[in-house]
Structures are given as structure tokens and as C-alpha cells.
Amino acid sequence: HSVKSGPRPYIVACTVHGVEFPSEAKLKAFLRAQENWHRDIGQMRRHATLATHDLQSIRFPLVYTIKEAKSFLIHPLNRSVKGTGEAFLRQLVQEANLDRKSRKQTKFSQIYRYLNVLDIEKAMVSNVFSDVMVPIVVDSTPVVISVPPLTNSHDTRLTINTHDILIEVSGINLPLCKQFAELVISWLLENTCPTQSKKNYQDKLTTEEVNNAKTTTEQSQLVNEMDKNLTLKTVNVPPNSLVVRPIRVVDVDMDFNLCVMFPSRSDLTDSKFNTIR
């Protein structure tokens with residue numbers, strides 16, 4: 001099984017630095033915006049799924065792969081306990097069926113129809129979800145940080161104290177993923193920019209960061225775009241600006257060939273971004 005032939009064959013990611021949520025209300029507005037984007041551009045998560053994480057809770061490199069639901073643990077967002085992917089998937093299907101029966105319908109409602117993206121027909125008949133193949137993103141600790149299109153990790157959720165965000169978008173094609181990611185960056189630029197200049201923003205790279213690009217047998221690996229010579233880059237960030245660092249997705253089954261880097265020079269070109277490279 002390969003994530004490239006699964007329900008979410010494409011993924012883009014980047015990190016955004018210097019974010020400031022001035023209030024809980026603003027953070028909640030961002031979370032509501034994500035729900036709206038999932039409904040609209042994501043087509044109720046059937047075409048694309050967004051995950052946003054507090055970067056301080058994550059260790060690179062990340063691996064994007066596909067696994068049997070029984071083989072991994074996840075602490076689903078806004079759920080009280082950690083469990084297997086199998087248990088969480090079964091719970092979601094139960095919730096979807098209860099909703100369907102309450103409406104006296106034969107199909108899942110729009111809210112739950114993203115479950116059909118996964119190959120769950122046989123599992124629903126037997127109520128055994130252990131072998132359902134599910135895409136996951138895993139960090140180097142290793143902790144599962146997202147399960148598109150089902151959930152993100154509660155352990156990497158955003159808070160009002162979050163200042164550095166990992167954005168990841170998985171979907172059915174690359175242009176859609178990029179469009180979705182740019183939409184998120186645009187919202188952050190309009191709503192979470194610091195009002196005062198953050199002088200001497202230092203993009204410092206550690207030996208640990210460089211060495212963590214370890215070889216793996218999984219399908220795709222996401223690695224921070226970094227200076228291999230460990231130089232220190234000091235940038236004066238003007239007010240009303242954010243720093244966006246690209247992430248490379250490489251195919252580890254194809255000698256680490258580059259699949260995509262976002263943002264590249266062909267991204268964030270709209271005048272509203274006023275991008276300085």
C-alpha cells in the first residue's frame with residue numbers, strides 16, 4: 001500500500017512564524033474559518049483537508065504514509081482520550097449512523113460523507129475497521145499528528161500562546177492543496193500579524209535539525225527547508241508581516257526525489273501577500 005495511490009495522494013506544508021492571536025475570540029475565529037474552508041474549498045473534506053499545529057509540539061522530519069487503522073495511536077482533536085485509529089474510525093462511523101438514522105436517511109449526511117473517502121464499505125458490514133487503510137502524518141518522536149481526512153492531534157492543537165504554526169494540506173491534487181494553503185496564509189496575514197517590528201528575527205538551524213532527515217521506508221517525508229551549512233540568517237521583519245518557511249516533500253521510495261516544495265517562487269505571488277523573498 002502506498003499513500004500515493006490512497007485517498008489523499010498529495011500534500012503540501014509550510015511553517016508560519018510570528019503569529020499573534022490577540023484574544024481567544026480571534027483564535028476561535030481562525031478555527032471557524034477552517035471549518036468553512038473544509039466545507040467550501042475542501043468540499044466537506046472530500047477533496048482536501050487542512051491541519052494546523054503548534055510548531056513547538058512537533059519534531060521534524062515528518063513522514064506522510066498510509067497504515068492500517070489498528071496499527072497506530074491518535075489523540076483526536078477535542079477528544080478526551082488517546083486510542084487506536086481503529087477505535088476512532090469505528091466511533092466516527094457510529095456517530096454518522098446515528099445521525100443518518102435520526103434523519104431517516106439511507107446515506108451519511110454531508111457532515112460525515114468524508115468517511116466515504118476511505119474504503120470502509122466492507123468494514124461497515126462487519127463492524128471491523130482494523131484493516132482499513134488510513135493516511136497519517138507522523139513526527140520523529142514518533143507521534144501521529146494528523147489523520148486526514150478524519151482528525152488532527154489534540155496534543156498539537158493551537159492555543160492563544162501559539163506563535164509558530166505548521167500548516168499541512170492533503171488533497172486529491174497539488175494545485176488544490178496549494179490554493180488551500182495560500183488561503184490559510186492570507187487569513188493569518190490579515191488577522192494575526194504583530195503590530196510592532198520584531199527586530200533581528202533569527203532563523204537559527206541546529207545540528208539536530210539537520211541530522212534528523214533520517215532514511216525511512218515510508219512513502220513521503222516532509223523536511224524543513226534549511227541551510228545545510230548551519231549559517232545564521234538574521235532578518236529584520238517589518239511590522240504587519242509574517243515569516244513563512246517552506247517545507248520540502250520528498251519521495252523516500254524514489255531516492256528522496258523532490259515531490260513539491262511549498263511555498264516555492266511560483267507561490268504567494270498575488271499582490272495581497274507583498275512577498276519579500
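Every number here is computed from the coordinates shown, using simple stated rules; none is lab data. Just so we're clear, the structure is a prediction, and the values are computed from it rather than from any experiment. Backbone-built Cβ (ideal geometry, glycine too); neighbour counts: all protein chains shown.
Modelled label-to-label distance, N236 and Q196, 7 Å Cα→beta-carbon offset: nm?
1.7
Return the FRET efficiency for the residue pair L73, K107: r is the Cβ-Cβ distance, R0 is 35 Å, and the value is rounded to the nearest 0.05. Write out the running numbers ahead of the final one.
Values: r = 31 Å, r/R0 = 0.87.
According to the calculation, E is roughly 0.70.
Based on the Cα atoms of region 65-154, what semi-axes does the equivalent ellipsoid have, where each is the square root of 5 times one gyration tensor eigenvalue, given in whole Å with the largest first?
Working: eigenvalues 109, 38, 24 Å².
Equivalent-ellipsoid dimensions as semi-axes: 23, 14, 11 Å.
Size of the dipole of the chain about the Cα centre, Lys and Arg at +1 and Asp and Glu at -1 on the beta carbon, nothing else charged, in debye to 20?
Values: 34 positive and 29 negative charges, 156 e Å.
My answer is approximately 740 debye.
From the convex hull of the Cα coordinates of region 1-98, what is the mean projected area in square nanometres?
Working: hull surface 33.4 nm².
Averaged projected area of region 1-98's Cα convex hull equals 8.3 nm².
Two decimals is fine: what is log10 I(q)/I(0) at q = 0.30, 0.34 Å⁻¹ for region 1-40, from a Debye sum with one equal scatterer on every Cα and no solvent?
One equal scatterer on each Cα of region 1-40 leads to -1.00, -1.02.
Using the structure shown, list the pairs from K82/K104; K67/K107; K178/K272; K67/K101; K4/K104; K4/K26 with a Cα-Cα distance above 28 Å, or answer none. Provide the component values of the computation, followed by the final result.
Numbers: K82/K104 32 Å; K67/K107 26 Å; K178/K272 16 Å; K67/K101 30 Å; K4/K104 37 Å; K4/K26 36 Å.
Beyond 28 Å: K82/K104; K67/K101; K4/K104; K4/K26.
Under a no-solvent Debye model with one identical scatterer per Cα of region 77-117, what's log10 I(q)/I(0) at q = 0.19, 0.21, 0.31, 0.32 Å⁻¹?
-0.60, -0.70, -1.07, -1.10
Report, please, the projected area of the chain averaged over directions, based on the convex hull of its C-alpha atoms, in nm². Intermediate values should be presented prior to the final figure.
On the way: hull surface 60.3 nm².
Over all viewing directions, the chain projects a mean Cα-hull area of 15.1 nm².
When all C-alpha to C-alpha distances in region 154-198 are sorted into bins of 10 Å, what percent of pairs does each bin hold, rounded to whole numbers?
21, 45, 29, 5
Before rounding to the nearest 500, sum -39500 (n - 2.57) across all DSSP H runs of length at least 4 in the chain and divide by the residue total; then give [θ] at 222 nm in deg cm²/dmol. Kindly include the intermediate steps, with their values, before the conclusion.
Numbers: 5 runs with 63 residues, N = 277.
After summing the helix terms and dividing by residue count, I get -7000 deg cm²/dmol.
What does the extension gain come out to for I276 and D251, with contour length at 0.36 nm per residue minus their alpha carbon separation? Kindly include the intermediate steps, with their values, before the conclusion.
Working: separation 25, 0.36 × 25 = 9.00 nm, distance 2.90 nm.
Taking I276 through D251 to full extension adds about 6.1 nm, to one decimal.
Would you calculate the volume per residue, in Å³, of the smallest convex hull containing every Cα atom of region 127-169?
Details: hull volume 4.7 nm³, N = 43.
About 110 Å³ per residue, rounded to a whole number.
Within the chain, which DSSP H helices have Cα atoms that stretch 15 Å or more along the helix axis and a mean Kyte-Doolittle hydropathy of at least 0.0? Please report the intermediate quantities before stating the final value.
On the way: long enough: 24-39 (23 Å, -1.19); 85-102 (26 Å, -0.73); 174-191 (26 Å, 0.76).
Going by DSSP H runs, the hits are 174-191.
Quote the relative contact order of region 1-128 in percent (integer), defining contacts as alpha-carbon pairs under 8 Å separated by 6+ residues. Could you put the intermediate results ahead of the total?
Numbers: 72 pairs, mean separation 26.8, N = 128.
In percent, rounded to a whole number, it is 21.
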